[in-house]
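Heads up: the structure comes next, in C-alpha cells.
The numbers here are math on the coordinates, done by the rules we state, and not lab data. It should be emphasised that the depicted structure is a prediction, and the values quoted were computed from it without experimental measurement. Methodologically, a virtual Cβ is constructed for each residue, glycine included, from the backbone with ideal geometry; neighbour enumeration extends over all protein chains shown.
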Amino acid sequence: MNQSVIPILTLRQIIDLHDVSLSFDEIFVLDNDNIENIQINYPSKAMCFGLILITKGSALIGVDFQNIELKERDALFLFPSNIFEFKSVSEDCKLQGVLCSIDLFSELNLKMSSQEVLDAFSNNFSKVLSLTQDIFETVSTHIKTIKNLNSQDISNIFKIEMLKLYYSLIMYEMINYNTSRKTYDNIATFRKEDIALQFVSLIAVNFTLHKDVQYYADQLLITRTHLTRTIKDVLGKTPKQIIEAKIIAEAKVLLLKNELSITQVMAEINFEDQAAFSKFFKKNTGISPNMYRKQILN
C-alpha cells in the first residue's frame, strides 16, 4: 500500500471518530465501550502516543506494516510516527487503550532517564510487554480512572494535573516493569524516534533554564537544523513550539497558586523581565497572566 494515501489523524480527530465527549481532549481512553467503532484493515498514522492493553481474547495488530499478535495481558506501545492498523480481533476480544497528545506528553515531568523512556517507546526495542497479573490490574485501574475523571461534568481546577498524574503512573509502572525484565546495551542509535524522545526528556528537566533550541541540539550532538527537521517530522511541531508549550503549561500551574505573585511565577520559570514574561504568555495564550488567573480562580 502506498504510504501517501494513509490518513494522518490528530488525537482530536480520533476522538471525533468515536463520538465521545471529553472535558479534556489531550488524552483519550479507548475501551470496550467504543471498540465497535474500530475499523479493521484501515491503516492510519495517529499523531499521539498510545498504549493498547488486551484484557481478554486476542488481536492481530499491524505496526509499520509488521503484524504483531497480542493476547490477554499483553501491552503494546505506539509512537506518533507509527502506522497502526487493526488486522483482526477475536470474537471475545476486549481491550483498553490510552492515547496521549504530543503536547501533553511533553508536559509530563517524568523522573526517569531518556534511555528508560526510549526502552519503552523506541522502535529499537520491543514494543510489546506481557504483563504479570499485578501489573496488568494496576495499569488497567489507572486507565479506568483516567476515563472516569475525563468524563466528569463537575468543575475541577486540578483535573488536568490529575490526568497527567495518572498517565505518569502508568508510564512509571510500565517502564519499571520493562526495566526489571530486560537489560539493553546503552548504545545511542539516533533514529528519528530516539532523537524525539531524548529531546522531550531533556525538556522535562531543563526547560526552566534552557529555552533555546540550540542547547538541546548541542546536548544531542546534532545540528539545530537536523533537530528541527527531525522533531517536525516525528511530532508535527517545531522544537521551539514544544519548548514554549512546556513553559506555558508550567506557568498555568503556578498561576493556580494564588499565594504566588506574578513576579514569583515569572522567577520560578526563569524569566528575568516581567514585561517579557507577560508578552510571551499572551503570545501563546491570547491573554495576559493576570487575566488568565482571574478567569481560572474567579
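Some points to look at:
- Where labels lie 7 Å past Cα in the beta-carbon direction, separation of residue 144 and residue 219 in nm: 3.8 nm
- The C-alpha atoms of the chain define a longest principal axis, and helix 133-151 lies at about 50 degrees to it.
- Net charge dipole size for the stretch 214-273 [Lys, Arg +1 and Asp, Glu -1 on Cβ; Debye, nearest 20]: 380 debye
- Alpha-carbon centroid distance for the pair the stretch 212-284 / the stretch 42-97, whole angstrom: 34 Å
- Inter-probe distance in nm under a simple model that places probes 7 Å from Cα toward Cβ, at residue 90 and residue 41: 2.2 nm
- Taking 72, 268 and counting other C-beta atoms within 10 Å, the order from fewest to most: 268, 72
- Using the Cα coordinates of the stretch 167-298, the gyration tensor eigenvalues translate into equivalent-ellipsoid semi-axes of 32, 19, 12 Å, sorted from longest to shortest.
- Two-site FRET efficiency, residue 55 against residue 259, from Cβ-Cβ distance with R₀ of 51 Å, rounded to 0.05: 0.70
- Long-range tail of P(r) for the stretch 249-292 (Cα pairs > 17 Å, %): 17 percent
- Think of it as helices only: each DSSP H run of n ≥ 4 in the chain is worth -39500 (n - 2.57), and spread over all residues that comes to -14500 deg cm²/dmol at 222 nm.
- With Cα atoms, 0 to 90° folded angle of helix 239-255 axis to the chain main axis: 70 degrees
- FRET efficiency for residue 6 and residue 295, using Cβ-Cβ distance with R0 set to 35 Å, rounded to 0.05: 0.30
- Violating pairs (Cα-Cα greater than 32 angstrom) within the set 56/164; 164/283; 144/279; 45/147: 144/279
- The dipole here belongs to the chain: it is taken about the Cα centre, uses +1 on the Cβ of Lys and Arg and -1 on the Cβ of Asp and Glu, and is about 740 debye.
- In degrees, nearest ten, helix 159-181 long axis to first principal axis of the chain (Cα): 50 degrees
- Top positive-direction residue, dipole computed over the stretch 192-297 with Cβ charges, set 200, 219, 281: 281
- Stretching residue 133 away from residue 285 to a fully extended chain increases their span by 50.3 nm, per 0.36 nm per residue minus the current alpha-carbon distance.
- Summed residue charge, Cβ within 14 Å of residue 227's Cβ, Lys/Arg positive, Asp/Glu negative: +2
- Shape call, the chain: gyration tensor on alpha carbons, a/c limit 1.5: prolate
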